[in-house]
Protein chains: 2
Amino acid sequence: MTDVVTLSLDDVRRLSLEVLLSNGMSEAQAAAIAKVITAAERDECYSHGVYRLIGCVRSMTLGKVVRDAIPQVIDHAPSVVRVDARYGYSCLAFELGVPLLLAKARQNGIAALIINNCFHFSALWAEVEAVSAEGLAALALTPSHSWVAPAGGKEPLFGTNPFAFSWPRPAGHSYTFDFATSEVARGEIELRRRGGETIPLGWGLDQGGEPTTDPASALAGAMVTFGGHKGSALSTMIELLAGPLIGDFMSFESKAYDEGVGAVPCHGELVIALDPERFLGSEVIVNLSRAERLFDAITGQGARLPSQRRYDARVRTVIEGVRVPSALYEDILALLPQDANREPASFHLATSAENM
Amino acid sequence: MTDVVTLSLDDVRRLSLEVLLSNGMSEAQAAAIAKVITAAERDECYSHGVYRLIGCVRSMTLGKVVRDAIPQVIDHAPSVVRVDARYGYSCLAFELGVPLLLAKARQNGIAALIINNCFHFSALWAEVEAVSAEGLAALALTPSHSWVAPAGGKEPLFGTNPFAFSWPRPAGHSYTFDFATSEVARGEIELRRRGGETIPLGWGLDQGGEPTTDPASALAGAMVTFGGHKGSALSTMIELLAGPLIGDFMSFESKAYDEGVGAVPCHGELVIALDPERFLGSEVIVNLSRAERLFDAITGQGARLPSQRRYDARVRTVIEGVRVPSALYEDILALLPQDANREPASFHLATSAENM
């Protein structure tokens, strides 16, 4: 049983905005982040929900993030748009770069969006979904901080390096996945440590490079890639394509840049968009329908599509609102100016004790 | 101890050419295939070496493959080149499409090569390496035949769907990987079955969808993806991008098209090329050097780079030639016209008995 407060999605957006604005963020930056946080709460993707406000404000306080950065969109090449985020968060930079990415992909078939000099914020699923909502397929890659050892190694080198993909579907939600190339998310291991639990063998290595079941040892040592040498190869590819190829930090460089401060990773991101209409012309409808047969064959044998849980949550939360643990809610309210003569309860619909 | 014959790389090329030409293949098609077979033997990548000649001739005999197909290169969009392989093998189609792919990527930053209506032959590593040898990064994807169940499912749907990537390095060999998105290659399971051995749990499911250690049950049932639901998601992406996006078969459609004949998969392929020079301009050299620090950090902690075994072999075989089991060699010679007044021994340097 946990005390929870219930917030409408509009409450989430307003709360996020107020926290960010009152901590000195520009309106444009705050609006872009509030949008992603609201989408995450809507999908019950709590790791990118209001919880993120705490780290977000913290990273700003640490002095690394530029709170009012105005991203610069550069028409870099016929099929490449580059956005210099100017050391603000990634969300606004992504939003500003997308229109030119879409235009280039529609004209040329395939195009790339580079984001440089951004502090990581977004869940990549939100970004690739924004592209597939426009009828294009998209991939997105980004490094993070060196926490993961290469297969056969023992020292942290790669980030948790997410890989996301979205495919437009004629009706209903897109086919979307977004996974870390580490065996599990770093937060999973942290949760076990806090809970005094062990972790399964295969999640991490201790500082001597030996497999460990102790979460603290794994956090001090190294996480491992999913899928052995194959996941390790993918993670390397992500370091290269969203690092040197775009002139930005790899995970070990981003970690060094952080100087142990513990801010979110500063790095770049690569998004690739492919336009089925430009690839297929008049054959686009028949081919998108054909893709549906693959999804039917997956679900028809009892397997799930990757984002189904998020889409199910979406139907629910739009009507019922989202539930935020009271303790977390109080922590977030504490980020607001404490001298203001305001009513915290105005942000939420109800408080109740229920199973979370 | 196995009887082996030693062939020079030129022997391999000439033998391959003669087998293909004498079985009715056009010179252009045969030369492109012989080149890939020779590269595979050079790298001791036996699965795509002279062994392939047997299946290659068999697929031609089955009447599906067009032996003298002349691929048509189409300038489809500013960043898309399409090659209609016209139901020949993939190798010549790829060779003919690459120059325009390179030109488009150099001009626009990123470009895609679509191959349609080809019979699968090539190892994707050979293709992405051909692009990185020109200084560009490349990804390549292709479906195959439905042999692999989606994670959480139990029926074969996906192909073994390889994913390949290559990154150009200023000195020495490229960083290249090419892996199946199935847990293991189908040939691995077949080898165990032939040898009367079991397979580890996690390689395949029996026809009831239960994990099995019996290779025959797994071959009759379904293989599984590597890395659980993440590998399954990647495999789905490959079906979509190298299937409906390019207007070509997914693995279950290719399997149906085969009508149980057992030819190699007929399908399409997607190659994406990214030009570091177009992305980075004058910063290209410093960034390619920076990427070397990642490779140094991988090998510096005792981990290996993916294609190192192939590159080590390459140094050896160029000088020493390659060793082919005598039984396989005889099977290949049997593909030549038996009435010809020729000397089989002319193809090889030496016969010896040694450990293979």
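On inspection, B:Arg186 fails the criterion of being farther than 18 Å from B:Ala149 by Cα and either of a type in the set (Phe, Trp, Tyr) or surrounded by fewer than 24 Cβ atoms within 10 Å (Cβ to Cβ) (or both). Looking at A:Ser79, A:Ser90, just one residue is touching a Cys at 6+ places or on another chain (Cβ under 6 Å) and either in the same structural domain as A:Ala126 (by TED's automatic domain parsing) or buried (at least 22 other Cβ atoms within 10 Å of the Cβ) (or both), and that residue is A:Ser90. Between A:Ile332, A:Ile298, A:Ile285, the distinction of being touching a helix residue (DSSP H, G or I) at 6+ places or on another chain (Cβ under 9 Å), among the β-branched types (Val, Ile, Thr) and closer than 23 Å to A:Phe165 by Cα belongs to A:Ile298 only. May I ask you to verify whether B:Met60 is within 26 Å of B:Ala185 (Cα to Cα) and in contact with a helix residue (DSSP H, G or I) (Cβ under 9 Å, 6 or more places away or on another chain)? Yes, satisfied.
Screening A:Ala180 on (1) out of contact with any Asp or Glu (no Cβ under 7 Å at 6 or more places or on another chain); (2) more than 10 Å from chain B (Cβ to nearest Cβ) shows it passes everything except condition (2). Name the one entry in B:Glu134, B:Glu155 that is acidic (Asp, Glu) and farther than 27 Å from B:Arg52 by Cβ. Every option except B:Glu155 fails the conditions.
Candidates in segment A:68-107 are the residues that are within 11 Å of another protein chain (Cβ to nearest Cβ) and among the small types (Gly, Ala, Ser); of these, the one that is nearest to the chain's Cα centre (by Cα) is A:Ala105. Pairs meeting the criteria (first residue in segment B:116-127 and at positive phi, second residue assigned to a strand (DSSP E or B), beta carbons under 9 Å, at least 6 apart or on different chains) are B:Asn117/B:Asp84; B:Asn117/B:Cys266; B:Asn117/B:His267; B:Asn117/B:Gly268.
Residues of segment A:242-263 that are more than 17 Å from A:Thr61 (Cβ to Cβ) and not hydrophobic (A, V, I, L, M, F, W, C): A:Gly243, A:Pro244, A:Gly247, A:Asp248, A:Ser251, A:Glu253, A:Ser254, A:Lys255, A:Tyr257. Residues that are over 24 Å from the mean Cα position of the chain (by Cα), among the charged types (D, E, K, R) and within 14 Å of chain B (Cβ to nearest Cβ) number at least 1 in the following helices (runs of 4 or more DSSP H) confined to segment A:266-342: A:276-280, A:284-300. Across segment B:161-177, the number of residues qualifying as touching a helix residue (DSSP H, G or I) at 6+ places or on another chain (Cβ under 6 Å), more than 14 Å from chain A (Cβ to nearest Cβ) and among the small types (Gly, Ala, Ser) comes to 0. So which residues in segment A:131-145 are more than 13 Å from the chain's Cα centre (by Cα) and crowded, with 23+ Cβ neighbours inside 10 Å, if there are any at all? Result: A:Val131, A:Leu136, A:Ala137, A:Ala138, A:His145. For segment A:212-234, the candidate set comprises residues that are part of a loop (DSSP other than H, G, I, E, B) and in contact (Cβ under 8 Å) with a residue 12 or more places away in the chain; within that set, the residue that is nearest to the other protein chains (Cβ to nearest Cβ) is A:Phe226.
Selection of segment B:108-149 for residues being within 11 Å of chain A (Cβ to nearest Cβ), part of a loop (DSSP other than H, G, I, E, B) and under 22 Å from A:Phe279 (Cβ atoms) yields B:Gly109, B:Leu136, B:Pro143. Identify the residue in segment A:241-263 that is assigned to a helix (DSSP H, G or I) and surrounded by fewer than 20 Cβ atoms within 10 Å (Cβ to Cβ) and, among all such residues, is nearest to the other protein chains (Cβ to nearest Cβ). Only one residue fits best here, namely A:Ala256.
In this structure, is A:Gly208 in a loop (DSSP other than H, G, I, E, B), within 14 Å of chain B (Cβ to nearest Cβ) and in contact with a Lys or Arg (Cβ under 8 Å, 6 or more places away or on another chain)? It is true that A:Gly208 is in a loop (DSSP other than H, G, I, E, B), within 14 Å of chain B (Cβ to nearest Cβ) and in contact with a Lys or Arg (Cβ under 8 Å, 6 or more places away or on another chain).
The values are calculated or read from the model by the stated rules, or taken from the named source; none is laboratory data. The model shown is predicted, which means the values in this text are computed figures rather than measured ones. Quick reminder, even Gly has a Cβ in these numbers, built from the backbone with ideal geometry, and neighbours come from all protein chains shown.
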